[in-house]
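Structure record follows, encoded as structure tokens.
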Amino acid sequence: MSHKILVVDDDILVLEALEELLTASGYVVRVAARGQEALEMLDKECFDLLLLDVVMPKMTGLDLCRDIRKRDDEMSKVKIIMLTAKTEEKDVEIQEKYGCDLYLTKPIDPGRLKELIRETLEDSGA
């Protein structure tokens, strides 16, 4: 069975690129362009991993991560990798407070992303 990944980013080109990369790697990929859309998807289906962009309008990736961690269902423990252009130490600390498992800075190295995803899924037993 293929692992199911939800990618959330407000940049359509990033969504398309990640969907293509991850689908070609054998994952089942769903995409959302807004945080609220992602929450609605989580109400209907389960995922093995979430890739969240930090900077998005209305609901940031940090807000989305916080809301997911507050859920009272199995998705509250899903592995979350944040995708961010923010690299300052204070930004990393803030992301850790919100409950993400890992973060990867943009621009994204496709090989590194696939490696992190594989390791994260192996660690979670998914």
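When you check Glu93 against the structure, is it under 19 Å from His3 (Cα atoms), of a type outside the set (A, V, I, L, M, F, W, C), surrounded by fewer than 18 Cβ atoms within 10 Å (Cβ to Cβ) and modelled with pLDDT under 95, yes or no? The answer is no for Glu93.
Out of Val55, Val78, I need the residue that is of a type in the set (Val, Ile, Thr) and more than 13 Å from Cys100 (Cβ to Cβ). Which one?
Values: Val78 fails: more than 13 Å from Cys100 (Cβ to Cβ).
That would be Val55, the only listed residue that is of a type in the set (Val, Ile, Thr) and more than 13 Å from Cys100 (Cβ to Cβ).
With the condition kept exactly as written, say whether any residue in region 29-36 is within 12 Å of the chain's Cα centre (by Cα), assigned to a helix (DSSP H, G or I) and more than 17 Å from Tyr103 (Cα to Cα). Yes, some residue in region 29-36 is within 12 Å of the chain's Cα centre (by Cα), assigned to a helix (DSSP H, G or I) and more than 17 Å from Tyr103 (Cα to Cα). Within region 1-22, residues that are at negative phi and assigned to a strand (DSSP E or B) have Cβ atoms under 6 Å from residues that are among the hydroxyl-bearing types (Ser, Thr, Tyr) and modelled with pLDDT of 95 or more in these pairs: Ile5/Tyr27, counting only partners at least 6 apart in sequence or on another chain. Comparison of Leu64, Leu83 shows that the only residue that is in a helix (DSSP H, G or I), buried (at least 16 other Cβ atoms within 10 Å of the Cβ), at pLDDT 80 or above and not β-branched (Val, Ile, Thr) is Leu64. Of the set (1) surrounded by 15 or more Cβ atoms within 10 Å (Cβ to Cβ); (2) within 20 Å of Ile117 (Cβ to Cβ); (3) in contact with a Gly (Cβ under 7 Å, 6 or more places away or on another chain); (4) at pLDDT below 95, all apply to Ser2 but (1).
The values are calculated or read from the model by the stated rules, or taken from the named source; none is laboratory data. These figures come from a predicted structure and were not determined experimentally. Backbone-built Cβ (ideal geometry, glycine too); neighbour counts: all protein chains shown.
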